[in-house]
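Here the structure comes first, spelled out in structure tokens, and everything after it is commentary.
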Amino acid sequence: MYKGDRPKVFPVIVTILVVSLMVAAVTSVVRMVASRENTKTTQQQSTETLYDQVVAHNATNSVRWTVRGPIVADEKFRSYQIEITPSRRIYTVYQGYLDKKLDEKTYENNQQAYEQFVFALAKAEVDKTRSVDDDDVRGVCATAGRLYTFETMDNGVTKTRIWTSSCQNSPGSMKADVAKIHALFANQIPNFAPLFDKVQ
């Protein structure tokens, strides 16, 4: 008896299953490799010390020094920052707690100068820290002192921030000699005119 050509459904189903399994296997391998890379990157970041961050001198690295005055009325409150990158040196003065820019001076920099500068910071032991129970700087050294903040940055994003103050009861996380660190930053700005009378 003639039955004619039967549709070959079974081989098509088998082919679809094999292709699906291969796609799933490839996807699993890709995910596993990506996961290992992410874990490796996280481990590298976790082993990077503050010293490593300070002396890093890639084009995207920078360091920043911020000095804040007493906590007074918004109109009278002042602070300033000196940021040093491999290509620029920026001195910015701010008014008020919303950082209204009063003045900014920008100077060129170069890779060799930046390298010398960050190694000078390292030799001044800017990376030496102490543990603090409270790392919140709001209200610190409020009446007559200065708050000093040092940051390492990459692509404009802060990686590590440490601080100290001129007030005896608020030593902060930075153990380095403030006068040395301040002088190194101030010396990067030609004709630097401090906003406050002196570094206390």
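The values are calculated or read from the model by the stated rules, or taken from the named source; none is laboratory data. This structure is a prediction, so every number in the text was calculated from the model and none was measured. So basically every Cβ, Gly included, is an ideal-geometry build from the backbone, and we count neighbours across all protein chains shown.
So which residues in the stretch 99-116 are in a loop (DSSP other than H, G, I, E, B) and without any contact (Cβ under 8 Å) to a residue 24 or more places away in the chain? If the condition is that a residue be in a loop (DSSP other than H, G, I, E, B) and without any contact (Cβ under 8 Å) to a residue 24 or more places away in the chain, then ASP99 is the only one that fits. Answer yes or no as to whether TYR114 is touching a strand residue (DSSP E or B) at 6+ places or on another chain (Cβ under 9 Å), over 14 Å from VAL67 (Cβ atoms) and assigned by TED's automatic domain parsing to the domain that holds GLY69. The answer is yes for TYR114. Screening LYS101 on (1) over 22 Å from VAL54 (Cβ atoms); (2) surrounded by 12 or more Cβ atoms within 10 Å (Cβ to Cβ) shows it passes everything except condition (2).
Filtering the stretch 1-59 to residues that are at pLDDT 75 or above and of a type in the set (Phe, Trp, Tyr) leaves only TYR51. For the stretch 117-170, a residue qualifies if it is in a strand (DSSP E or B), surrounded by 13 or more Cβ atoms within 10 Å (Cβ to Cβ) and either among the hydroxyl-bearing types (Ser, Thr, Tyr) or not assigned by TED's automatic domain parsing to the domain that holds LYS76 (or both), and the qualifying residues are THR129, TYR148, THR149, THR152, THR160, THR164, SER165.
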